[in-house]
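A short worksheet on the structure shown next.
The values are calculated or read from the model by the stated rules, or taken from the named source; none is laboratory data. Predicted model only: the values in this text are computed from it and were never measured. FYI the Cβ positions are ideal-geometry reconstructions off the backbone, even for glycines, and counts take in every protein chain you see.
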Amino acid sequence: MAYYPYETEKLVDFTIESNIKKFEEGIKTVRSYLGKTYPLLVDGKKIETDNLLKSFNPSNHSEVIGMIHQAGKFEVDLAIESALRNFETWKLTDYKMRADILFKSASIIRKRKFEFSSLLALEAGKPWAEADADTAEAIDFLEYYARSIYDVMEKDKHILSRKDIERNEYVYKPLGVCAVITPWNFPLAILAGMTTAAVVTGNTVLLKPAVTTQVIAYKFMEVLKEAGLPDGIVQFIPGDAIEVGEYIVTHPKVRFVSFTGSKAVGVRIYEKAAVVQPGQKWLKRVIAEMGGKDAMIIDEDCDLDFAASEVAKAAFSFAGQKCSAASRAIVHEKVYDSFIEKLVNITKTYKVGAAELKDTFVGPVNDDNAFNKITSYIEIGKKEGKLVFGGTNDKSKGYFIEPTIIKDLKKDSRIMQEEIFGPVLGITKFKTFDEALEIANSTEYGLTGSVISNNRENLEKARKHFEVGNLYLNRKCTGAIVGYQPFGGFNMSGTDSKAGGPDYLILHMQAKTISEMF
């Protein structure tokens, strides 16, 4: 392969004045096109409908980011028709050409990095460092999957031929039309990864982005177009979860579904996709990542200053709106009070505010629904345990919730069992490490987890018995790196699809054995 080795995109250093100015210029660039209207993109054609949705800035919900035309069943049928037709040619294209489109897309985003990060700040409410990480991860997905398709298509499959009898081949073929349903919390990185994993493996895509971040999705469509992706390979069809989302999931001509989002929606998709519709001649494949209730175990012999810092960052960065965020801290009884004191002191330093402001660490939550859900859980937490920090909120201008810490919770309390998806951390104590693992494994989820300990025996025990898809030892439980920490969880966290890993592209393909007798 002639390309340079894979390297992760470097994160921006915001202590450098020139980078600060570039981000501020990015904000100005995005503000220059606020309020613009965006069409559907079906077979490369711009389509307008009678249904317009406004996207708002969660830091200032009176500010309109853009207005996006919404698809109905009529437009979806056109998109499916186009995707089916274009699949017949796209599946035959050289995988190296498909990879080049990803490489060029990465280059385009890299050149527009500060614009994309600024748009993430304004539409998704991501503070500067989080927005930059999202943009960098999008670039990483593109670079990694472009290389991965070479590995899939060129590696020796170890299928043996028999001398003077037959030659055997083992090849991967694309599946067909893919419904890609993406989340709002990583609206560039995860959207880019899910969409291009399907595209680079020879499939065509029906892209339904999350409702609150559709302008970001449209801007990514512009990147694909500029990179040379032919019309009709990715159909941009934003719309209602039922009218559009459920329709494409159950459509008999849609071959597979790639989804990232909540457990409730993921389970519904899994159920709906399992039903064989009239005219359907396959069992649909579902790739799903559905959230978590992630725990960090703090052992008695660790550096408590480090542990408190790692937990605070994992729990409250991006207002806890990550499926990998630390929502439970399980702390040894001997260091319980000291740890909480240090954690509170660190959390007090975190500035809550508009995501576009440089010094903001905790930005807004996603929308009114998220605000109401999270604040209702805080009230539950006050009854189940003891509020030691935070609990205040304000949605008069933006959807702001103060980082909230609740201690003395039982392991089976709602705060310790249910996914809140906000800046709320529940804390409980343990006596033995076996008890800590039992508490950690007591939820229906199994996405990420962390152990901070200097006890090698306990670390090794966690390797074997901490039931999560991504386990981190002596570091926080967020921040998986594409190509280094493939991401995906167990149980109700999804299908353990391991995005950004060596097996991910194969999920978008099917294997075929070809034997020729001599």
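Here Thr15 meets each of (1) free of Cβ contacts under 8 Å to residues at least 24 places away in the same chain; (2) more than 30 Å from Tyr484 (Cα to Cα) with one exception, condition (2).
Quick check on Phe141: is it outside the structural domain of Lys313 (by TED's automatic domain parsing), surrounded by fewer than 21 Cβ atoms within 10 Å (Cβ to Cβ) and touching a helix residue (DSSP H, G or I) at 6+ places or on another chain (Cβ under 7 Å)? Spell out how you get there, then give the answer.
Working: outside the structural domain of Lys313 (by TED's automatic domain parsing): yes; surrounded by fewer than 21 Cβ atoms within 10 Å (Cβ to Cβ): no; touching a helix residue (DSSP H, G or I) at 6+ places or on another chain (Cβ under 7 Å): yes.
Against the criterion (outside the structural domain of Lys313 (by TED's automatic domain parsing), surrounded by fewer than 21 Cβ atoms within 10 Å (Cβ to Cβ) and touching a helix residue (DSSP H, G or I) at 6+ places or on another chain (Cβ under 7 Å)), Phe141 does not qualify.
Can you spot a residue in the range 426-440 that is under 21 Å from Glu341 (Cα atoms), crowded, with 24+ Cβ neighbours inside 10 Å, of a type outside the set (Ser, Thr, Tyr) and touching a Ser or Thr at 6+ places or on another chain (Cβ under 7 Å)? Among the residues of the range 426-440, at least one is under 21 Å from Glu341 (Cα atoms), crowded, with 24+ Cβ neighbours inside 10 Å, of a type outside the set (Ser, Thr, Tyr) and touching a Ser or Thr at 6+ places or on another chain (Cβ under 7 Å), which makes the answer yes.
Scan the range 374-409 residue by residue and report those that are part of a helix (DSSP H, G or I) and either closer than 23 Å to Ser55 by Cα or free of Cβ contacts under 8 Å to residues at least 24 places away in the same chain (or both).
Initial filter on the range 374-409 (part of a helix (DSSP H, G or I)): 374-384.
Selection gives Ile374, Thr375, Ser376, Glu379, Lys383.
Residue count for the range 164-183 satisfying the condition of being in contact with an Asp or Glu (Cβ under 7 Å, 6 or more places away or on another chain) and not in a strand (DSSP E or B): 0. Note on the range 339-372: residues that are surrounded by 14 or more Cβ atoms within 10 Å (Cβ to Cβ) and closer than 18 Å to Ala315 by Cα amount to 20.
Please find, among Gly239, Gly245, Gly291, the residue that is under 22 Å from the mean Cα position of the chain (by Cα) and modelled with pLDDT under 95.
Numbers: Gly239 fails: modelled with pLDDT under 95; Gly245 fails: modelled with pLDDT under 95.
Within the list Gly239, Gly245, Gly291, the selection yields Gly291.
Quick test for you: out of Val267, Val257, Val223, pick the one residue that is farther than 29 Å from Leu119 by Cα and among the β-branched types (Val, Ile, Thr). Exactly one residue qualifies, and that residue is Val267. Scoring Glu226 on the criteria (1) without any contact (Cβ under 8 Å) to a residue 24 or more places away in the chain; (2) under 21 Å from Asp140 (Cβ atoms) leaves a single failure, condition (1).
Answer yes or no as to whether Ala197 is buried (at least 24 other Cβ atoms within 10 Å of the Cβ) and under 23 Å from Glu88 (Cα atoms). Yes; evaluated as a whole, the condition is true for this residue.
Just checking, does the range 114-129 include any residue being of a type in the set (Lys, Arg) and surrounded by 23 or more Cβ atoms within 10 Å (Cβ to Cβ)? Break it down stepwise before answering.
Residues of the range 114-129 that are of a type in the set (Lys, Arg), as a first pass: 126.
Keeping just the survivors that are surrounded by 23 or more Cβ atoms within 10 Å (Cβ to Cβ) gives 126.
Within the range 114-129, one or more residues are of a type in the set (Lys, Arg) and surrounded by 23 or more Cβ atoms within 10 Å (Cβ to Cβ).
Within the range 313-321, the presence of at least one residue that is buried (at least 19 other Cβ atoms within 10 Å of the Cβ), polar (S, T, N, Q), at negative phi and not assigned by TED's automatic domain parsing to the domain that holds Ala121 is confirmed. Scanning the range 385-414 for residues that are surrounded by fewer than 17 Cβ atoms within 10 Å (Cβ to Cβ), more than 28 Å from the chain's Cα centre (by Cα) and within 26 Å of Glu444 (Cβ to Cβ) yields a total of 4.
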